[in-house]
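Heads up: the structure comes next, in structure tokens.
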Amino acid sequence: MITVISGGTGSVKLVRGLAAITDDLTVISNVGDNIWLYGLYICPDIDTIVYGLAGILDEKRGWGIRGDSFNCLDQLEKSGAPSWFSLGDRDLAMHLIRTQMLKGGDTLSEITDEMRKQLGISARIIPATDDQVTTMIGTDKGKMHLQEFWVKNQARPQVKGIAFEGSETAMPNKKALHAITKSDMVIIAPANPVSSIGPTLAVKEFRHALYGKRDRVVAVSPIIGDSAVSGPAVKYMKALDLENSPAGVAKYYGKSVGNYVISGSDSAIAPSIRRLGMNVFETDILMKNKQAEIRLARYLVARFRER
Ligand code: GDP
């Protein structure tokens, strides 16, 4: 049994690779970037994983449904409604169903489970918590929701701090904790360490569960050299005074992780990561296509079977 702690656009590549080689997969999804918009509850990272595993993800964008149209969004714009968050017409079905079920009393995890079954996905997808944990970015223009910072303001404001509101009182999903405890290996997907993995690690029960089996926990670096493969990871890391390198991410994960995978091109910093008490592995961690996703998935599984 394998459990992956995941975000969205980067994580989905490895999650897809793992789903191609194992039937016993659990994905614990980030909830920090969930947002209420237009009266709908939108869960971007959960949906990227659901669409990715259902084979309908718009892979170029990394979010939404392939080939979707945006007529509703156009009409919202013509009607003078805020239209900074792109929602496709088909994608809207997910948000409509989710919101209706939430209002009917179902939990986010029950809804996610229902949706993945409807779409024929065999991997379990569990939101880290059914409570609200919201990633807020402190900036020179004031505090704002992660989506407001990244999408509405296109990451222009200067980042001063990051908070996971609600994380101190949020109850972790029991099934997610159970999956961590029972798994042969737990993988922290290549993801934005702060905004995608941070909200889950901010719930103390997850930190404790990972610490309890850290020799079976492996994280894949989202950083190669001094740059993220995509997205604002470096901006958030700098705001937390973390070095923009694979070592900076390793430091952020700290005691939760016993094994860390970096690019072969980053060999030189392996000793500094070992000093954090982690085993370091080197391989090609860039997933440019489906073969690369499966190759990395196989590498991780083989390494951990050997141990
Ligand atoms: P988000 O929720 O859309 O930000 O997506 P994630 O957090 O899942 O993924 C974004 C992170 O994944 C970024 O920090 C990227 O650097 C990283 N990433 C994207 N593609 C790859 C890849 O092919 N390999 C590795 N190692 N990291 C990647």
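Here, each number is a calculation from the coordinates, and none is a lab measurement. Remember, it's a predicted structure, so these values are computed and weren't measured experimentally. Note that we place each Cβ from the backbone using ideal geometry, even for glycine, and neighbour counts take in every protein chain shown.
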Among the residues of the range 231-250, which ones are crowded, with 18+ Cβ neighbours inside 10 Å and basic (Lys, Arg)? Lys235
Which residues, taken from the range 276-294, are surrounded by 14 or more Cβ atoms within 10 Å (Cβ to Cβ), of a type in the set (D, E, K, R) and within 20 Å of the chain's Cα centre (by Cα)? Glu293
Scan the range 3-17 residue by residue and report those that are under 10 Å from the mean Cα position of the chain (by Cα) and either among the charged types (D, E, K, R) or within 7 Å of the ligand (Cβ to nearest atom) (or both). Ser6, Gly7, Gly8, Thr9, Gly10, Ser11, Val12
Is it the case that some residue within the range 211-229 is more than 11 Å from the ligand (Cβ to nearest atom), in contact with a strand residue (DSSP E or B) (Cβ under 7 Å, 6 or more places away or on another chain) and small (Gly, Ala, Ser)? no
Looking at Val27 and the list (1) buried (at least 24 other Cβ atoms within 10 Å of the Cβ); (2) in contact with an Asp or Glu (Cβ under 7 Å, 6 or more places away or on another chain), which single condition is not satisfied? (2)
In the range 149-173, how many are closer than 19 Å to Trp36 by Cβ, touching a residue at least 40 places away in the same chain (Cβ under 8 Å) and of a type outside the set (A, V, I, L, M, F, W, C)? 1
Residues Leu146, Leu102, Leu87, Leu92: which one is in contact with a Ser or Thr (Cβ under 7 Å, 6 or more places away or on another chain) and closer than 21 Å to Tyr51 by Cβ? Leu146
Go through (1) under 19 Å from Leu276 (Cβ atoms); (2) assigned to a helix (DSSP H, G or I); (3) within 11 Å of the ligand (Cβ to nearest atom); (4) touching a Leu at 6+ places or on another chain (Cβ under 9 Å) one by one and return the number of the condition Arg207 breaks. (3)
Kindly indicate whether any position in the range 18-25 is touching a helix residue (DSSP H, G or I) at 6+ places or on another chain (Cβ under 9 Å), over 18 Å from Thr99 (Cα atoms) and within 11 Å of the ligand (Cβ to nearest atom). no
Condition broken by Asp266, with the remaining ones in (1) of a type in the set (D, E, K, R); (2) surrounded by fewer than 20 Cβ atoms within 10 Å (Cβ to Cβ); (3) under 20 Å from Gly10 (Cα atoms) satisfied: (2)
Could you look through the range 63-90, keep only residues that are in contact with a helix residue (DSSP H, G or I) (Cβ under 7 Å, 6 or more places away or on another chain) and not hydrophobic (A, V, I, L, M, F, W, C), and pick out the one that is nearest to the ligand (Cβ to nearest atom)? Gly64
Have a look at Ala191, Ala170 and point out the one that is part of a loop (DSSP other than H, G, I, E, B), more than 16 Å from the ligand (Cβ to nearest atom), small (Gly, Ala, Ser) and in contact with a strand residue (DSSP E or B) (Cβ under 9 Å, 6 or more places away or on another chain). Ala170
For Tyr38, only one of the following conditions fails: (1) out of contact with any Leu (no Cβ under 8 Å at 6 or more places or on another chain); (2) surrounded by fewer than 20 Cβ atoms within 10 Å (Cβ to Cβ); (3) of a type outside the set (S, T, N, Q). What is its number? (1)
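In the range 230-307, which helices (runs of 4 or more DSSP H) lie fully inside it and hold 3 or more residues that are more than 10 Å from the ligand (Cβ to nearest atom) and closer than 23 Å to Ile2 by Cβ?
Values: elements: 233-239, 246-253, 270-274, 290-306.
Once the helices (runs of 4 or more DSSP H) in the range 230-307 are filtered for at least 3 residues that are more than 10 Å from the ligand (Cβ to nearest atom) and closer than 23 Å to Ile2 by Cβ, what remains is 246-253, 290-306.
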Could you identify the single residue in Gly32, Gly52 that is crowded, with 21+ Cβ neighbours inside 10 Å, within 16 Å of the ligand (Cβ to nearest atom) and in a loop (DSSP other than H, G, I, E, B)? Gly32
For Glu77, the lone unmet condition from (1) under 20 Å from the mean Cα position of the chain (by Cα); (2) surrounded by fewer than 20 Cβ atoms within 10 Å (Cβ to Cβ); (3) assigned to a helix (DSSP H, G or I) is (1)
